[in-house]
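Report on the following structure.
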Amino acid sequence: MKRLDVAVIGAGFIARTHLPAWIALGARIRIFSTDDQAALLSEEFGLTKTACLDEALDGASVADICTPTTTHRDIALAAFAAGADVLCEKPLALTPADALEMAEAAHKAGRLLYPGHVVRFFPAYARLRSTIRSGALGRPAVARFTRTGRYPTWSPWFADTALSGGIVTDQMLHDMDIARWLFGEVVSIHATQRGHLTTHDSASAPEGPVATGSATLTHDSGVITQVLGVWGPPATPFRYTFHVAGSNGTLTHDSIAHPSLRLTGAAGAQAGAVPTGDFGEDPFSAQIRELATAFQGGPAPRVNALDGVAAVKIAAAARRSAATGLAVAVHDAAPRTLTEGSPR
């Protein structure tokens, strides 16, 4: 199998998270960023630092885009033009038009585009999906997903809704994607977001900022899901939970309180704990290994470009709902504009 030649674009938190996985796979890595962080990471990890984007993409087989959301489109288009496949950190873009343009450009260039929807690679969510698909819960009816973590103050652009989309887009998109993965297309959404969120022309978020968001999704399958997100103070622990109810019982998980999945039967009796898998495996490593296999001609992974486009459409509808206070229809969240034989 041909050795991967990876251009990591950006040198922030996500780049640092991805690098050990690429290194473990034996990839040749060059890195570029517009600040001085690339020099620090290249020295720490023994990478090749490049002077510009074109130099980074020259000869690369894969571009790993780890930059702020509003830069994703232009970098991806440059990567496709240079003949590289792309892993793009979520969300693919801030607007559905940009996300769809990226997917269509990948198809036209014969390249692969995968969004970094890493939560699909968390063992608990993978086991949740397999349990639902097995029929153990019967017909799913309602589900609730929560995600809590510290406010991402390490980069000021997260607080700027014009650049990040706020908590609804940057954090809650993970669980909206999971809801669609499990229960099918989203046809409408009602959302709110509150807290320390700024605009491009205003000051950055104050010290100790917090933000919250909620969204209620109606799926074409009839399932109703609720997604709750919190960006809290610096000491806030990372925590995620879910509670799914079906005609045969419920399945719950809390990453801090009980790491196993708890399955309760329809009569209310505790049926037992469902192991979630190997918690020793980093989901980012699992994600990059599966995507790297696809980049090298292996099986299609569990996420594709149109999943990325759909997630951006749902998040954009959520922002409109939060701005207006009204439920918003999600039209054609997963467009079928790419032909059947398009790259995976």
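Across segment 70-100, the qualifying residues are those that are within 26 Å of GLY298 (Cβ to Cβ) and acidic (Asp, Glu), and the one among them that is surrounded by the fewest Cβ atoms within 10 Å (Cβ to Cβ) is GLU89. Looking across ILE29, ILE14, one residue alone is β-branched (Val, Ile, Thr), assigned by TED's automatic domain parsing to the domain that holds THR95, within 17 Å of ARG289 (Cβ to Cβ) and not in a helix (DSSP H, G or I). It is ILE29. Here segment 105-145 is the region considered, the condition is being in contact (Cβ under 8 Å) with a residue 40 or more places away in the chain and of a type in the set (Lys, Arg), and the residue that is nearest to PRO91 (Cα to Cα) is ARG120. Look at GLY246 and say whether it is at pLDDT 90 or above, closer than 15 Å to ARG147 by Cβ, in contact with a Lys or Arg (Cβ under 8 Å, 6 or more places away or on another chain) and not hydrophobic (A, V, I, L, M, F, W, C). The answer is no for GLY246. Scan segment 1-58 for residues that are surrounded by fewer than 19 Cβ atoms within 10 Å (Cβ to Cβ) and either among the basic types (Lys, Arg) or without any contact (Cβ under 8 Å) to a residue 40 or more places away in the chain (or both) and the total you get is 23. Taking first residues from segment 76-104 that are in contact (Cβ under 8 Å) with a residue 60 or more places away in the chain and within 15 Å of VAL8 (Cα to Cα) and partners that are assigned to a loop (DSSP other than H, G, I, E, B) and among the β-branched types (Val, Ile, Thr), the Cβ contacts under 8 Å between residues at least 6 apart in sequence or on separate chains come to GLU89/THR67.
Report yes if THR67 is buried (at least 19 other Cβ atoms within 10 Å of the Cβ) and within 24 Å of the chain's Cα centre (by Cα), otherwise no. Here the answer is yes, as THR67 does meet what is asked. Considering ALA329, ALA317, the condition of being over 13 Å from ALA124 (Cα atoms), at pLDDT 95 or above and crowded, with 22+ Cβ neighbours inside 10 Å is satisfied by ALA317 alone. Within segment 208-219, residues that are more than 9 Å from ALA318 (Cα to Cα) and touching a residue at least 24 places away in the same chain (Cβ under 8 Å) sit with their Cβ atoms under 6 Å from residues that are of a type in the set (Gly, Ala, Ser) and surrounded by fewer than 20 Cβ atoms within 10 Å (Cβ to Cβ), at 6+ positions apart or across chains, in these pairs: VAL210/GLY195; VAL210/GLY232; ALA211/GLY195; THR212/GLY195; THR218/SER188; HIS219/GLY184.
Within segment 170-196, being among the charged types (D, E, K, R) and surrounded by fewer than 19 Cβ atoms within 10 Å (Cβ to Cβ) holds for GLU185, ARG194. Please indicate, with yes or no, whether at least one residue in segment 166-175 is within 27 Å of ASP254 (Cα to Cα) and among the polar types (S, T, N, Q). Yes, there is a match, as at least one residue in segment 166-175 is within 27 Å of ASP254 (Cα to Cα) and among the polar types (S, T, N, Q). Only one of the listed residues (LEU163, LEU173, LEU182) is aliphatic (A, V, I, L, M) and at pLDDT below 95. That residue is LEU163. Selection of segment 249-291 for residues being over 30 Å from CYS88 (Cα atoms), modelled with pLDDT under 75 and of a type outside the set (Gly, Ala, Ser) yields GLN270, VAL274, PRO275.
The values are calculated or read from the model by the stated rules, or taken from the named source; none is laboratory data. Please read these numbers as outputs of a predicted model, since none were measured by experiment. As a convention, Cβ positions derive from the backbone with ideal geometry for all residues, glycine included, and neighbour counts pool all protein chains shown.
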